[in-house]
Amino acid sequence: VAAEAALMAVEFPGRHVRLQWMRDEEHRWEPYGTAMIMELEAGLDDNGKILGWKYDFWSDGHSTRPNGEPNTLLPARFLDGGHGVPGVGFKGGAVRNSNPY
């Protein structure tokens, strides 16, 4: 909501701006991240110790949070001459989030 309030303040200089979202509106505009799929297969011995495993994961970039770049703020896409959409982002989130314990 802060980005939208800033955009409104630019359009109405010298006036107070208050913007309040309802919960469903906020969730409709939040920066959802990439989905991630993991598959794990393991073999155990008679004592329950891991003999081996196969672990696969699929994911795209995990960086949809605003980071100072205008294209990571959803409202910036609606400005005249918009800023496009974010790129793939930082792929480290996929690798970091997929490490099995």
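Find out how many positive minus negative residues lie around Val17, taking Lys and Arg as positive, Asp and Glu as negative, among other residues whose Cβ is under 13 Å from that of Val17.
0
Within the set of other residues whose C-beta is less than 13 Å from the C-beta of Met8, count the net charge using Lys and Arg as +1 and Asp and Glu as -1.
Here the count lands on 0.
Where the convex hull is taken over the Cα atoms of the stretch 1-51, what is its projected area averaged over directions, in nm²? Mind dumping the intermediate values first?
Working: hull surface 28.0 nm².
Directional mean of the projected Cα hull area for the stretch 1-51 stands at 7.0 nm².
On full extension of the chain, what length is gained from Ala2 through Arg15, given 0.36 nm per residue of separation minus the C-alpha to C-alpha distance? Walk me through the numbers on the way to the answer.
Values: separation 13, 0.36 × 13 = 4.68 nm, distance 1.59 nm.
Gain on stretching Ala2 to Arg15: 3.1 nm.
Each reported figure results from applying straightforward, stated rules to the coordinates on display, with no laboratory input. As the structure is a prediction and not an experimental result, all values here were calculated from the model. Note: ideal-geometry Cβ built from the backbone for every residue, glycine included; neighbour counts use all protein chains shown.
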